[in-house]
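See below for the structure under consideration.
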Amino acid sequence: MSGAATSVGPFSAAEIASYVGGEVEGDGTAELVDVRSLAEAGPEHLSFLSNRRYYRQLKTTRAGAVLIDRRTDAHGHTAIRCDDPYQAFARSLELFHPTPWPEPGVDPRAAVAEDAVVEGATVEAFAFVGPGARIGPGSWIESSAYVGAGAEMGKSCRLMPHSVVVAGCRLGDRVWLNPGAVVGSEGFGFAPSPAGHVKIPQTGRAVIEDDVEIGANSCVDRATMGETTVRRGAKLDNLVQVGHGAEIGEGNFLAAFAGVAGSARLGKGVVLAAKSGVANHLEIGDGVVAATGARVLKAQPDGARVAGYPAIDHKQWLRAATRFADLPEMARRIRKLEARLAELEKEETEEKEGD
């Protein structure tokens, strides 16, 4: 069953405003069939302005209604005024395109162990549910997804094709794993020896709390001992790596290619931009933001903003970055000054010797 949804509706501007917690300014009876960008919208569409970069398009858009903040001039358009237009945009898409959740049932072509507990869940053809696994009500295991022995899933989880929950790991409620995501893969643990790398058994598990989404082909490794934890409400993009024994804090936001090494601890609300990384065993405070490509090699206090390699204060990095292009000319001038200084010192020495 496809996760893509066809549009439902139409909805009036007043109905949409009620759904997103906004107020209509203009024609509340205007019927809208879907959401489009300002440039693409027609009279039958809802649009939104959340980025001032697109303000000029607001003047010329043909949209039937626009989600907008409480201060910006709507230029005569029917407006749905709200505190956060971008959040309202997300909720509007949810209204027009609800996820078509399937009815509970186990397809006869699925491989479900006799002692697995499947309570009001959906298990599609060719999915696997191992011995002793427990699947909560309303959960949806799509074709070719894998749930290992003794693994646990809460309510209303979704495992997309080729996603994996390894034996003994646990998902809370409303956890989504995108295609190819792996929870409980082997931690990267090896002890060097003269004979080669000796594998350290990874005896722990991975625990994913409620309302977490893990992107395609991302991996959360099981702990060597104990647990690797992704706290409530965290969102992991595609191709994110979480090392063994790490803790991803509540509401963290990890963009594509971000990496967190083993035993690192991230506080609440941390943001790791694309290709950024946190070294092992570090403590990262609440609300820390690491810019794209940043390499965090030391602990960070609450609220820190860092960039660069190694990561330093973001403002300091910006000042340094503005000088990068000047370095060749600065080097040339320094060499010239050094040569001139050497000449002056030579002249001074010769004068002293002449006296």
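Computed from the coordinates by the stated procedures, all read-outs in this text should not be read as laboratory data. What you see is a predicted model, and the numbers here were worked out from it, not measured in a lab. Every residue, glycine as well, gets a Cβ built from its backbone with ideal geometry; the counts of neighbours run over all protein chains shown.
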Relative to the chain, whose Cα atoms define the longest principal axis, helix 327-354 and its Cα axis are tilted in degrees, nearest 10, by 20 degrees
Please report, in whole Å³, the volume per residue of the convex hull around the C-alpha atoms of segment 105-316. 102 Å³
First select every other residue whose beta carbon is under 13 angstrom from the beta carbon of Gly150; then total the charges, Lys and Arg +1, Asp and Glu -1. +2
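Between Thr322 and Glu44, what FRET efficiency comes out of the Förster formula 1/(1 + (r/R0)^6) with R0 = 45 Å and r the beta carbon distance, rounded to 0.05? Can you show the working numbers first?
Numbers: r = 48 Å, r/R0 = 1.06.
The computed FRET efficiency comes out at 0.40.
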Considering the convex hull of the alpha carbon atoms of segment 1-159, report its projected area averaged over all viewing directions, in nm², one decimal. 10.8 nm²
Whole-Hz Karplus ³J(HN,Hα) for segment 268-285, in order, using 6.51 cos²θ - 1.76 cosθ + 1.60 and θ = phi - 60°, x for Gly and Pro? 6, x, 6, 10, 10, 6, 3, 6, 8, x, 10, 6, 5, 6, 8, 9, 10, x
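Ratio of Rg to Rh for segment 11-96, alpha carbon only, Kirkwood? Numbers along the way, then the final one.
Numbers: Rg = 10.8 Å, Rh = 12.0 Å.
On the Cα set of segment 11-96, Rg over Rh gives 0.90.
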Which distance in nm do the two modelled labels at Glu329 and Ile312 give, with both placed 7 Å along the Cα-to-Cβ direction? 2.1 nm
For Glu94, project a label point 7 Å along Cα to C-beta. Then give me every residue of segment 15-41 with its amide nitrogen under 17 Å of that point. 15-23, 35
On Cα atoms only, tilt of 85-96 relative to the major axis of the chain in degrees: 30 degrees
No solvent, one uniform scatterer per C-alpha: report log10 I(q)/I(0) for the chain via the Debye equation at q = 0.07, 0.13 1/Å, two decimals. -0.46, -1.10
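Just subtract the alpha-carbon distance of Glu31 and Phe126 from 0.36 nm times their residue separation and send over the number in nm, one decimal.
On the way: separation 95, 0.36 × 95 = 34.20 nm, distance 4.26 nm.
Net length gain for the segment: 29.9 nm.
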Any lysines with Cα under 22 Å of the Lys346 Cα? List them, leaving off those in the same chain fewer than 8 positions away. Lys336
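Over the chain, what is the relative contact order in percent, taking alpha-carbon pairs closer than 8 angstrom and at least six residues apart?
Numbers: 986 pairs, mean separation 22.5, N = 355.
Relative CO of the chain lands at 6 percent.
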Those GluC sites (Glu not before Pro) in segment 51-150 that DSSP places in a loop and that have at most 16 other beta carbons within 10 Å: Glu114, Glu119
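Restricting to DSSP loop positions (anything but H, G, I, E, B) with no more than 15 other Cβ atoms inside 10 Å of their own Cβ, which GluC sites (Glu not before Pro) remain in segment 12-53? Before the final figure, lay out the partial values.
Working: sites: Glu15, Glu23, Glu25, Glu31, Glu40, Glu44; in loops: Glu40, Glu44.
Answer by residue number: Glu40.
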